[in-house]
Amino acid sequence: VNTRKHPLEIPPSSEKDWQKEEEEDFFLLDSDRKCDVLPQPFRMINKLVMQVFEGAMEIIERREMLQEAQKLKVQPKKCFPTAEFQVTERANCLAVSGKYIFVGLSMGLSAFNTCDFKVVGAWNVAKTEICAIHASDLGSECHVLLAVDEMGLAWLFCFLRESFLLIKILNEVEDISQRSTCVEAVLSPGGDYAGILLQGNTKAWLEIYQLPKESWLTEMEKITEAAEQLACSERRSSCSSEVGTFLLQELPVSAIQADVELDPPVLLLTVRPPKPITGTSFKGPLDALKEVDDGSMLGLGYNHLIKDSQWELQEAIFCSTYQEYLEAEGVIKEEIPRYATFHFLLPSRILVGPEMEVLPDIPVGIGVHWDGNHNFCLYLLNHSLKEKANSDLKPDVVWPCAAPIACSAVSSCSRYLALAGEDATVTIWDKHLG
């Protein structure tokens, strides 16, 4: 009898010894297999069909997940028009003030009443196309309008008792060749100030006007009373009630247009683009710090220690590096008009105790930033006109940014200032805390 001296050991299996399901003769080796493997080419067709089915199921599951996520979001409210008003010409712009809607047309202005959406007044004396319009309610049913036409003229109107009253064309000059084009116009909330951005052939500047709305309201009240008295006297003398009603509606309008003489706006200040940064003449940091007045002129970039030779070297390196691109583009060094964005910063409210109180020591200002500039400058409007009339006007407060400012916005309370730079960075400033 031959017996083994050592116990029988089962050798471990290896991956290469595993039987592959794709072998055609596998069903011959496995007698317990109930289903045979499909032969070719049916096996390949089965795999393709399963891949298409699995891909379709993944797309269906993904769409179902997106639909479920969309249901969880807050659905926006859909607003549909409740009424409409017809205009006889092409409408380019509109503004709302009080109970009136002012529409800029291809041949003038029109005013609609929001109650019945009917035309209550029109102005087409100049036969000019209005491209932009801003309106503000002055009270006592009086509204101020600032409109810009296709020729770049800024028209200042006053609307009272369904009548447009032209006060002044802000950038009108006798010599047409010296006329400057108005690019943008802004009215301050309340109608106290107006600003227009003007551009010439190679220069651009900003003009800020103060509107004498107190004298306007006083003059309007006098004219309105006189017109009403005239209408009443004409109605009493008329024999027919229909004629009296007609005179009551028509006489005040004609009387206002014939007799009104409103005070023109007052030019407060002219803001020009900042001068380009040039080389310094300072010998050290102490000399540069002496030029700073009180520490509020931060970030203008003029009090630096970079010399002219360093600017020239930097420009030479840039031109040599990108010479082929500069020659292909045909870059010509010339002064081009610059664009400015400006906001009116009104006295804002801060929380003092349980109630909101207005700070009396915060004056009204105009915030300006020019394209390609890193600074947002604030010019206060409480200084005398002589101080603001000089050409080298410096801002009162500066908010510097690390990159050129692309756009800006001011909160409704005028306390917070948002600056967005070209590097996709948004900075929020507190005007009171600095």
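The values are calculated or read from the model by the stated rules, or taken from the named source; none is laboratory data. Everything quoted here is computed from the prediction, not taken from an experiment. For neighbour counting, all protein chains shown are included, and Cβ atoms are generated from backbone atoms with ideal geometry for every residue, glycine included. To get the accessible areas, we keep the full protein, side chains included, count just its heavy atoms, and leave off ligands, DNA and RNA. Shrake-Rupley method; radii C 1.70, N 1.55, O 1.52, S 1.80 Å.
Per-residue answers, yes or no, for (1) modelled with pLDDT under 75; (2) farther than 29 Å from Tyr209 by Cα; (3) under 38 Å from the mean Cα position of the chain (by Cα); (4) assigned by the TED database to the domain that holds Leu166:
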| site | (1), (2), (3), (4) |
| --- | --- |
| Thr245 | yes, yes, no, no |
| Leu248 | yes, yes, no, no |
| Leu251 | yes, yes, no, no |
| Pro265 | no, no, yes, yes |
| Leu289 | yes, yes, yes, no |
| Ser296 | yes, no, yes, no |
| Asn303 | yes, yes, yes, no |
| Thr321 | no, yes, yes, no |
| Tyr325 | no, yes, yes, no |
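Within region 79-131, how many residues are more than 13 Å from Ala147 (Cα to Cα) and in contact with a Cys (Cβ under 7 Å, 6 or more places away or on another chain)?
1
I need the full set of residues from region 184-200 which are open to solvent by 20 Å² or more (accessible area, probe 1.4 Å) and closer than 23 Å to Val364 by Cβ, in order please.
Kept after step one, since they are open to solvent by 20 Å² or more (accessible area, probe 1.4 Å), are these residues of region 184-200: 184, 186-187, 189-190, 192-193, 199-200.
If the condition is that a residue be open to solvent by 20 Å² or more (accessible area, probe 1.4 Å) and closer than 23 Å to Val364 by Cβ, then Glu184, Val186, Leu187, Pro189, Gly190, Asp192, Tyr193 are the ones that fit.
Pick out the one residue from Leu419, Leu393, Leu385 that is modelled with pLDDT under 80 and out of contact with any Lys or Arg (no Cβ under 9 Å at 6 or more places or on another chain).
Details: Leu419 fails: modelled with pLDDT under 80; Leu393 fails: out of contact with any Lys or Arg (no Cβ under 9 Å at 6 or more places or on another chain).
When all the criteria are applied, what remains is Leu385.
Is it true that some residue in region 201-208 is outside the structural domain of Phe342 (by the TED database), part of a loop (DSSP other than H, G, I, E, B), open to solvent by 40 Å² or more (accessible area, probe 1.4 Å) and not hydroxyl-bearing (Ser, Thr, Tyr)?
Applying the first criterion (outside the structural domain of Phe342 (by the TED database)) to region 201-208 yields 201-208.
Imposing the further condition that a residue be part of a loop (DSSP other than H, G, I, E, B) reduces the set to 201-203.
Add one more test, that the residue is open to solvent by 40 Å² or more (accessible area, probe 1.4 Å), and what stays is 201-203.
Of the ones still in play, those that are also not hydroxyl-bearing (Ser, Thr, Tyr) are 201, 203.
Yes, the conditions are met somewhere in region 201-208.
Taking the stated definitions as given, is Pro39 at pLDDT below 70, in a loop (DSSP other than H, G, I, E, B) and either open to solvent by 100 Å² or more (accessible area, probe 1.4 Å) or in contact with an Asp or Glu (Cβ under 9 Å, 6 or more places away or on another chain) (or both)? Give the steps one after another, and end with the answer.
On the way: at pLDDT below 70: no; in a loop (DSSP other than H, G, I, E, B): yes; either open to solvent by 100 Å² or more (accessible area, probe 1.4 Å) or in contact with an Asp or Glu (Cβ under 9 Å, 6 or more places away or on another chain) (or both): yes.
So Pro39 fails the test.
Only one of (1) under 26 Å from the mean Cα position of the chain (by Cα); (2) not assigned by the TED database to the domain that holds Ile167 fails for Ala83. Which number is that?
Here Ala83 clears every test but (1).
Just checking, does region 163-182 include any residue being open to solvent by 30 Å² or more (accessible area, probe 1.4 Å), within 25 Å of the chain's Cα centre (by Cα) and modelled with pLDDT of 85 or more?
yes
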